[in-house]
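Student: This is the structure I want to talk about, given as structure tokens.
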Amino acid sequence: MTAPRAVTGFPSDVLTDRLQRALGAAFGPEYAEVDPVIRPSQFADYQANVALALAKRLGSNPRAVADAIVAHLDVAGVAQAPVVSGPGFVNLTLADQWLADRVTALAADPRLAVPEQEPLVVPIDYSAPNVAKEMHVGHLRTTVVGDALARTLEHLGHRVVRQNHIGDWGTPFGMLIEHLLEVGEHSPEAELLVSDPNAFYQAARAKFDADEAAGGQDFAARARRRVVSLQAGDPETLRLWHELIELSTTYFNSIYSLLDVTLTDDDLAGESNYNDDLPGICDELERKGIATMSDGALCVFLDGFTGREGKPQPLIIRKSDGGYGYATTDLATIRHRVTDLHADRVLYVIGAPQDLHLRMVFAAAREAGWLPADVEVVHVQIGNVLGPDGKILKTRSGAPIRLRALLDEAVARAAAGLAESRPDLDEEERAVIARQVGIGAVKYADLSVAHDSEYTFDLDRMVSLMGNTGPYLQYAAARIRSILRRADEAGAVAGEVRVGEEAERALMLALLGFAPVVVQVGEALEPHRLCTYLFELAQTFTTFYDNCPVLKGDDLDVRASRLTLCRVTLAVLDQGLGLLGMGSPERM
């Protein structure tokens, strides 16, 4: 006897349950768990394609298998009578009343049917800028995608542990600390760490390089000694190092505030956190025979990883000079996330070029026993942002484009558009909306393409109200708010949903697709699925609004039903935009 199936209110899940019962009844209990292969159809609401897959196994033809399934299929009250078409497709059209009842229930559900899943502990490694360095466009995608995943997984009931693995350790800090001492801790130059970190870093680097060229006996020598003091835990050096971090954190937070992401100081988990663990990592790997010495360095050689000419690819754990690299820190990090945070699933929202490195780290951690088989670890690969020339987006001089400059420009473009289209709004309200629209446009452009794909950064297209853009969705929500305001002024009341026009039915079907998409995003870690859904929902609503007057007409029940459809659509758009980390303006 098989365990009872967990059936949600999703139409596809309800139909799957009915079809699996029919499969068991028609062909025996061993077929009761077969996937009925339900897909949307242009000829019905859904189409079950299982007959084509089962025919060979049953020694029959697909049409006969489909007929047998339909003969045992009970969809009374859920769908109209099933129809077999083509070589063996089972077409299913939901019953109008069942569809209307589900959307009426949706209107009363603050979660909009999104389930709360059995909670998992999910550390998410994302953003990860460097101290005393400007965040550039390369940091944009990992920050935005990571934050959307964090919001979505939390909404599904999981305990998300945000991990902002900032670069806050290493040899450059000797140079940076000495420069801070020279310019003064409270000088205008020091304040550049908050407003223009690259200028501070480049000034320090220029001093270092100039002194190196002159023999390295002054600034460069002091910088090297300072690194030794930092690694030895000298209190004064550590105080200055903390000051660098605090100033940089102020800068990071200004970007996070502008982007409206959920990272806070409590989420900082920099490289320095793991310094004390690194010798033990090396000792344990060596003791277990996983790491061996090679050309003076301690390395892990893993099966399946080869470099040039088929030679084994080393994962360097301790360099020949005794220093530690990213691999050592990453191993310490993953051990901490599993052992101390009790992770069930660990996400690394990191650039695609790091794929080989991370795969080797994961394999080494598995071999060491720090990453058990029941803990899932995923590299959510982030593709590049390209310029109009098809190359990685940079300035004309070849430097990475400052992220703040891009964001400020997006807000300015949105403000200019609002000044033209909504001169009736006061300046303060326009500024708030411009920020929501400009930042939303940039975030949506990132999120609406597969995270491992490249995309071209085009501000004109991003801030457009036409096409698959963030402002298009925000405008759709604002337009519904306008409808609801007029309804309130007219005393119109929302009521039970009923099916009349085909455009109403299409909107109802689309609304019931929200919860399954949110679940898919949590499983596949692909926010672009939610973007696609919301865009298609907004288009479907436009068709509904064009064909089904909401506030006109004599039939009060029809008006009440359509008003409910407007309210539910707005709720879905608002909740969906919120999961993506985007604002939903009151008016546009």
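The values are calculated or read from the model by the stated rules, or taken from the named source; none is laboratory data. None of the values given here were measured: they were computed from a predicted structure. Every residue, glycine among them, receives a Cβ derived from its backbone with ideal geometry; neighbour counts consider all protein chains shown. Accessible surface is based on the protein model in full, side chains and every heavy atom, while ligands, DNA and RNA are left aside. Shrake-Rupley method; radii C 1.70, N 1.55, O 1.52, S 1.80 Å.
Student: Leaving out ligands, DNA and RNA, what percent of the accessible area of the chain is carbon and sulfur, probe 1.4 Å?
Tutor: Numbers: 13310 of 26390 Å².
Its accessible area is 50 percent carbon and sulfur atoms.
Student: Put a dot 7 Å past each Cα toward the Cβ at Q80 and R205; how far apart are the dots in nm?
Tutor: Calculated label separation equals 6.7 nm.
Student: Probe of 1.4 angstrom, ligands and nucleic acids ignored: what's the accessible area per residue over segment 471-573, in square angstrom?
Tutor: Working: 4130 Å² over 103 residues.
With the other protein chains kept in place, segment 471-573 gives 40 Å² per residue.
Student: So, one more: Charges at C-beta only: +1 for Lys and Arg, -1 for Asp and Glu. How large is the resulting dipole of segment 128-240 about its Cα centre, in Debye rounded to 20?
Tutor: Details: 12 positive and 16 negative charges, 111 e Å.
So the dipole magnitude of segment 128-240 works out to roughly 540 debye.
Student: Is segment 140-289 best put as rounded, prolate or oblate by its Cα gyration tensor, with a ≥ b ≥ c the root eigenvalues, rounded for a/c under 1.5, and otherwise prolate when a/b is larger than b/c, oblate when not?
Tutor: Numbers: a/c = 2.55, a/b = 1.36, b/c = 1.88.
Note, shape of segment 140-289 comes out oblate.
Student: Shifting gears a bit: For helix 556-579, what angle does its Cα long axis make with the longest principal axis of the chain, in degrees from 0 to 90 and rounded to 10?
Tutor: 20 degrees
Student: Sequence gap at least 6, Cα distance under 8 Å: using those rules, report the relative contact order of the chain to the nearest whole percent. If you can, show how the numbers build up before the last one.
Tutor: Working: 918 pairs, mean separation 84.6, N = 588.
Once divided by the residue count of the chain, the mean separation gives 14 percent.
Student: Set Lys and Arg Cβ to +1 and Asp and Glu Cβ to -1, take the dipole of the chain about its Cα centre, and tell me which of G417, F301, S127 lies farthest positive.
Tutor: Of the listed residues, the answer is F301.
Student: Which whole-number percent is the relative contact order of segment 133-210 (Cα, under 8 Å, 6+ apart)?
Tutor: Relative contact order for segment 133-210 comes out at 33 percent.
Student: H242 to R359: FRET efficiency via 1/(1 + (r/R0)^6), r the Cβ-Cβ distance, R0 45 Å, to the nearest 0.05?
Tutor: Once the sixth-power term is evaluated, E becomes 0.85.
Student: Using a Förster distance of 45 angstrom, determine the FRET efficiency expected from the C-beta separation of K319 and E116, and round it to 0.05. Could the numbers behind the result be given before it?
Tutor: Values: r = 47 Å, r/R0 = 1.05.
Rounded to the nearest 0.05, the efficiency is 0.45.
Student: Place a point 7 Å from Cα of A108 in the direction of its Cβ. Which residues in segment 69-83 have their backbone N less than 20 Å from it?
Tutor: Residues 78 qualify, since their backbone N sits under 20 Å from the label point.
Student: Using a ≥ b ≥ c from the Cα gyration tensor of segment 103-173 (square roots of the eigenvalues), is it rounded, prolate or oblate, where a/c under 1.5 gives rounded and otherwise the larger of a/b and b/c decides, a/b for prolate? Could the numbers behind the result be given before it?
Tutor: Details: a/c = 5.87, a/b = 2.55, b/c = 2.31.
Here segment 103-173 falls in the prolate category.
Student: By how many degrees, 0 to 90 and rounded to 10, does the Cα axis of helix 137-155 deviate from the longest principal axis of the chain?
Tutor: Rounded to the nearest ten degrees, it is 50.
Student: By how many nm would the segment from R39 to F305 grow when fully extended, if each residue of separation counts as 0.36 nm and the alpha-carbon distance is taken off? Don't jump to the answer; show the numbers that get you there.
Tutor: Values: separation 266, 0.36 × 266 = 95.76 nm, distance 3.92 nm.
That works out to 91.8 nm of additional length.
Student: Additional query: Leaving out ligands and nucleic acids, and using a 1.4 Å probe, what accessible area per residue does segment 193-345 come to in Å²? Walk me through the numbers on the way to the answer.
Tutor: Numbers: 7740 Å² over 153 residues.
It amounts to 51 Å² per residue over segment 193-345.
Student: Something else now. State the Cα centre-to-centre distance between segment 228-294 and segment 58-89 in whole Å.
Tutor: Cα centroid of segment 228-294 versus Cα centroid of segment 58-89: 61 Å apart.
Student: Next up: Among 155-166, 185-196, what's the highest-first ranking by average C-beta atoms within 10 angstrom per residue?
Tutor: Packing order, densest peptide first, comes out as 155-166, 185-196.
Student: Still on this structure, I have one more. Given the DSSP H assignment, sum -39500 (n - 2.57) over each helix run of at least 4 residues in the chain and divide by its residue total; what's the result at 222 nm in deg cm²/dmol, nearest 500?
Tutor: Roughly -17500 deg cm²/dmol at 222 nm, from the helical runs in the chain.
Student: Measuring from a point 7 Å past the Cα of R57 along Cα-to-C-beta, which residues in segment 13-43 have an amide N at less than 17 Å?
Tutor: Residues 16-39 qualify, since their backbone N sits under 17 Å from the label point.
Student: How would you classify segment 290-423 from its alpha-carbon gyration tensor, with a ≥ b ≥ c the square roots of the eigenvalues: rounded for a/c under 1.5, else prolate if a/b is greater than b/c, otherwise oblate?
Tutor: prolate
Student: Separate question: Using only the heavy atoms of the protein chains and a 1.4 Å probe, how would R226, R337, R559, R57 rank by accessible area, largest first?
Tutor: Details: R226 45, R337 0, R559 65, R57 140 Å².
These residues rank, largest area first, as R57, R559, R226, R337.
Student: If you average the sequence gap of Cα pairs under 8 Å that are 6 or more apart and divide by the length of segment 305-390, what percent do you get for the contact order?
Tutor: 29 percent
Student: From the protein chains alone at 1.4 Å, what is the descending order of accessible area for T469, T543, largest first?
Tutor: On the way: T469 5, T543 75 Å².
Listed by decreasing accessible area, they come as T543, T469.
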